[in-house]
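Participant: Handing you a structure now.
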Amino acid sequence: MSTAASPAISVPSTQLDLGKIRADFPILSERAYGKPLVYLDNAASSQKPKAVIDALVRYYSTSNANVHRGVHFLSQKASQEFDEVRLKLRDYIHAASEREIVFVRGATEGINLVASSWGRANLHPGDEVLVSGMEHHSNIVPWQLVCAERGATVRHIPILDNGELDLDAYHQLLGPKVRLVAVVHTSNSLGTVNPVKTMIDSAHAKNIPVLVDGAQTLAHGTVDVSELDCDFLVFSGHKMLGPTGIGVLYGKEALLEAMPPYQGGGEMIHSVSFDGTTFNELPYKFEAGTPNIADVIALGSALDYWASLDRTVVAEWEEQLLAYATASIATIPGVRIIGTAKRKSGVLSFIVEGLNALDIGMFLDTQGIAVRTGHHCTEPVMDRFGIPGTVRASFMFYNTAEEVDRFVEALRKAIHLLRKG
């Protein structure tokens with residue numbers, strides 16, 4: 001049994017100072033079961049640089065107060081730090097105004113907000129919402145709920161055998177009944193990067209708005225909403241070096257203005273009486289209650305960290321890591337890669353003939369290697385390929401070629417031992 005990557009496969013290299021970068025992420029020096037941790041579950045959640053961790057501690061140590069409501073020093077300090085992050089996010093995704101940046105708990109809540117608010121106001125019996133066959137459950141279920149309520153239907157764009165969307169079918173599905181297209185930019189279970197700009201242009205030609213799920217995309221690159229011309233974009237902070245519990249819904253101002261509030265409470269109101277309530281201006285109309293202040297501020301630190309990196313070099317390195325890992329496991333008998341699209345990002349999903357993905361994942365865990373197994377909240381994708389689930393290794397720029405080698409070596413060992421068992 002070979003225990004190393006094939007010598008015919010070139011080991012990638014990068015201009016990034018990986019030693020310095022990895023020192024920024026304290027958890028990467030941890031050990032699991034006595035072995036150095038190899039974290040390859042980045043599609044589920046990225047690790048956090050110390051600057052983000054420090055921002056949380058600093059906020060609670062020096063700035064903790066509720067925002068927008070107090071006249072005292074701490075409240076004003078917290079409000080300023082909080083509001084500055086909205087401006088950073090506006091610039092980060094090239095939104096036209098900070099009024100288009102709504103804080104939510106994550107991409108899931110952003111989609112639920114649009115489905116509940118926009119959907120209830122705009123969907124009618126016989127209408128259709130078009131999603132893709134590779135959506136995360138979070139971009140399927142909210143639409144099923146609102147469509148069931150409104151007498152509308154959810155339809156989906158099929159997936160080709162290589163894990164790309166069938167764009168011919170997409171254009172055929174863009175019929176007169178479609179009221180919204182909701183599509184993932186980068187698949188969390190296949191790694192496919194969809195041509196969303198082309199899809200948006202086609203939908204707009206028929207006056208159909210488009211929501212883009214950017215949860216995986218923002219973890220590996222930038223998104224320019226003005227260039228894409230998407231109508232809504234959602235993403236989660238924890239997948240892009242930020243903390244859990246905070247995410248962003250971007251929406252074009254005119255659309256957000258026309259949408260009714262999603263939840264009621266404080267902050268989202270202008271005035272309240274028993275005769276009725278008037279609502280706050282954007283974006284506060286959609287931010288009921290005390291916001292997640294600490295995590296917003298820490299997300300701002302994550303944006304600062306991204307700004308310190310050369311994103312072109314980062315993207316090239318992640319692409320090399322994925323190609324290296326893909327080529328390395330492709331040499332192992334019985335391994336079948338699920339998702340071989342021409343454009344992929346960060347994700348390597350595979351099965352091993354005759355073996356259970358969970359068993360492989362549990363063995364890799366004993367070797368200190370963290371991967372994800374199962375359907376990855378994309379059961380329709382698994383149904384499409386006729387499998388119950390995959391093993392998923394997902395990469396970030398702080399991963400190394402040596403970690404890929406350890407993963408491949410452990411995978412070979414797992415297959416050897418599990419087949420014997």
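The values are calculated or read from the model by the stated rules, or taken from the named source; none is laboratory data. All of these numbers come straight from a predicted model, not from anything done at the bench. Neighbour counts are summed over all protein chains in view; Cβ atoms, including those assigned to glycine, are modelled from backbone coordinates with ideal geometry. These accessible areas exclude ligands, DNA and RNA; they are computed on the full protein's heavy atoms, side chains included. Shrake-Rupley method; radii C 1.70, N 1.55, O 1.52, S 1.80 Å.
Participant: Tally time: how many residues in the range 205-219 are buried (at least 24 other Cβ atoms within 10 Å of the Cβ) and either at pLDDT below 95 or among the aliphatic types (A, V, I, L, M) (or both)?
Facilitator: 5
Participant: Next question, about the same structure. Take residues that are open to solvent by 20 Å² or more (accessible area, probe 1.4 Å), under 25 Å from residue 134 (Cα atoms) and aliphatic (A, V, I, L, M) and tell me which of the strands (runs of 3 or more DSSP E) falling wholly in the range 255-372 contain 1 or more.
Facilitator: The strands (runs of 3 or more DSSP E) meeting that bar are 335-337, 347-352.
Participant: Can you tell me which residue is farthest from residue 308 (Cα to Cα) among those in the range 16-35 that are over 26 Å from the mean Cα position of the chain (by Cα) and open to solvent by 60 Å² or more (accessible area, probe 1.4 Å)?
Facilitator: That would be 33.
Participant: Take the conditions open to solvent by 60 Å² or more (accessible area, probe 1.4 Å), closer than 15 Å to residue 188 by Cβ and out of contact with any Asp or Glu (no Cβ under 7 Å at 6 or more places or on another chain) and apply them to residue 416. Does it pass?
Facilitator: Criteria not met by residue 416.
Participant: Looking only at the range 158-171, count how many residues are buried (at least 19 other Cβ atoms within 10 Å of the Cβ) and either over 21 Å from the mean Cα position of the chain (by Cα) or among the acidic types (Asp, Glu) (or both).
Facilitator: Of the residues in that region, 2 qualify.
Participant: So in the range 221-244, with the set limited to residues that are open to solvent by 30 Å² or more (accessible area, probe 1.4 Å) and in a loop (DSSP other than H, G, I, E, B), which one is nearest to residue 108 (Cα to Cα)?
Facilitator: This residue is 244.
Participant: Out of the residues in the range 375-413 meeting the condition of being among the aromatic types (Phe, Trp, Tyr) and open to solvent by less than 10 Å² (accessible area, probe 1.4 Å), tell me which one is nearest to residue 316 (Cα to Cα).
Facilitator: In this case the residue turns out to be 397.
Participant: Please specify each residue of the range 97-117 satisfying the condition of being in contact (Cβ under 8 Å) with a residue 40 or more places away in the chain, over 16 Å from the mean Cα position of the chain (by Cα) and either closer than 18 Å to residue 229 by Cα or open to solvent by less than 10 Å² (accessible area, probe 1.4 Å) (or both).
Facilitator: Listed by number, the residues that qualify are 97, 98, 99, 100, 101, 102, 113, 114, 117.
Participant: Scan the range 345-355 residue by residue and report those that are touching a residue at least 24 places away in the same chain (Cβ under 8 Å) and more than 18 Å from residue 41 (Cβ to Cβ).
Facilitator: Listed by number, the residues that qualify are 352, 354, 355.
Participant: Which one is nearest to the chain's Cα centre (by Cα) among residues in the range 38-54 that are open to solvent by less than 50 Å² (accessible area, probe 1.4 Å) and either closer than 17 Å to residue 79 by Cα or β-branched (Val, Ile, Thr) (or both)?
Facilitator: So, considering only residues that are open to solvent by less than 50 Å² (accessible area, probe 1.4 Å) and either closer than 17 Å to residue 79 by Cα or β-branched (Val, Ile, Thr) (or both), the one nearest to the chain's Cα centre (by Cα) is 52.
Participant: Can you go through 72, 94 and tell me which one is within 28 Å of residue 231 (Cα to Cα) and either out of contact with any Phe, Trp or Tyr (no Cβ under 9 Å at 6 or more places or on another chain) or of a type in the set (Asp, Glu) (or both)?
Facilitator: Sole residue among the options that is within 28 Å of residue 231 (Cα to Cα) and either out of contact with any Phe, Trp or Tyr (no Cβ under 9 Å at 6 or more places or on another chain) or of a type in the set (Asp, Glu) (or both): 94.
Participant: Being part of a loop (DSSP other than H, G, I, E, B) and buried (at least 24 other Cβ atoms within 10 Å of the Cβ) is the filter here, so list the residues in the range 172-204 that pass it.
Facilitator: 185, 187, 188, 189, 190, 191, 194, listed by residue number.
Each row is one residue, and each column tells you yes or no for (1) of a type in the set (Asp, Glu); (2) under 29 Å from residue 186 (Cβ atoms); (3) modelled with pLDDT of 95 or more.
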| site | (1), (2), (3) |
| --- | --- |
| 231 | yes, yes, yes |
| 241 | no, yes, yes |
| 249 | no, yes, yes |
| 274 | no, no, yes |
| 300 | no, yes, yes |
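Participant: Look at the range 114-171 and say how many of its residues are closer than 17 Å to residue 339 by Cβ, in contact with a strand residue (DSSP E or B) (Cβ under 9 Å, 6 or more places away or on another chain), in a loop (DSSP other than H, G, I, E, B) and not hydrophobic (A, V, I, L, M, F, W, C).
Facilitator: So the count comes out to 8.
Participant: Okay, moving on. Of everything in the range 55-92 that's in contact with a strand residue (DSSP E or B) (Cβ under 7 Å, 6 or more places away or on another chain) and open to solvent by less than 40 Å² (accessible area, probe 1.4 Å), which residue is nearest to residue 223 (Cα to Cα)?
Facilitator: So the residue we want is 89.
Participant: What pairs can you find where one residue is in the range 317-344 and of a type outside the set (Phe, Trp, Tyr), the other is part of a helix (DSSP H, G or I) and open to solvent by 40 Å² or more (accessible area, probe 1.4 Å), and their Cβ atoms are less than 6 Å apart, with a gap of 6+ or different chains?
Facilitator: Listed pairs, sorted by first residue: none to list.
Participant: Let me ask another. Show the residue pairs meeting these rules: Cβ distance below 7 Å; 6+ apart or different chains; first residue within the range 400-421 and closer than 13 Å to residue 354 by Cα; second residue buried (at least 21 other Cβ atoms within 10 Å of the Cβ) and among the hydroxyl-bearing types (Ser, Thr, Tyr).
Facilitator: From residues that are closer than 13 Å to residue 354 by Cα, there are no pairs.
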